[in-house]
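The structure appears below as structure tokens.
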Amino acid sequence: MRALDYLSPYLPVLILLLFAGVLCALIGAAATFLGPKRITAIKETAFECGSPSIGDSHSRHSVKFYLVALLFVVFDVESVFIYPWGSLLRDFQAEGLGWFAYVEMLSFMATLALGLVYVWRKGALEWNP
């Protein structure tokens with residue numbers, strides 16, 4: 001009986017996981033049995049943003065495409081770090097960590113700014129061939 005006492009806080013999570021699993025199975029089964037089954041040529045064509053696909057789907061992309069995508073991810077992660085830092089800055093100040101937290105974020109921003117300047121100077125953001 002003692003082991004069940006340790007597991008009792010997790011009972012609502014277990015119930016939620018079981019409910020979600022059963023619901024997923026029911027929705028999948030309903031879609032399989034109730035969904036349309038006629039395959040037509042229009043349904044088999046590739047759909048790309050409402051426009052017909054042009055060219056080979058396995059063609060190679062320019063490296064600049066990947067650089068811009070990587071830069072997007074880096075600056076997206078930056079925004080994920082900045083928002084909680086900004087909302088907790090007063091708490092840091094109350095704990096005596098205000099200037100440390102400020103300098104820490106300033107160094108993070110400076111590193112990202114230097115990276116952006118480097119990429120900009122290398123021409124990675126230029127789309128002309």
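Among residues of the stretch 110-129 that are over 12 Å from VAL63 (Cβ atoms), those with a beta-carbon under 6 Å from a residue that is modelled with pLDDT of 80 or more at least six positions away or on a different chain give the pairs LEU112/GLU78. Here the condition is being of a type in the set (A, V, I, L, M, F, W, C), surrounded by fewer than 10 Cβ atoms within 10 Å (Cβ to Cβ) and in a helix (DSSP H, G or I); of ALA46, ALA20, ALA31, ALA25, it holds for ALA31 alone. Checked against the criterion of being basic (Lys, Arg), modelled with pLDDT under 85 and under 23 Å from the mean Cα position of the chain (by Cα), the stretch 35-54 contains not a single residue that satisfies it. For the stretch 52-96, a residue qualifies if it is under 30 Å from TRP120 (Cα atoms) and of a type in the set (Asp, Glu), and the qualifying residues are ASP76, GLU78.
The values are calculated or read from the model by the stated rules, or taken from the named source; none is laboratory data. Since the model is a prediction, treat every value here as computed from it, not as a measurement. Note that we place each Cβ from the backbone using ideal geometry, even for glycine, and neighbour counts take in every protein chain shown.
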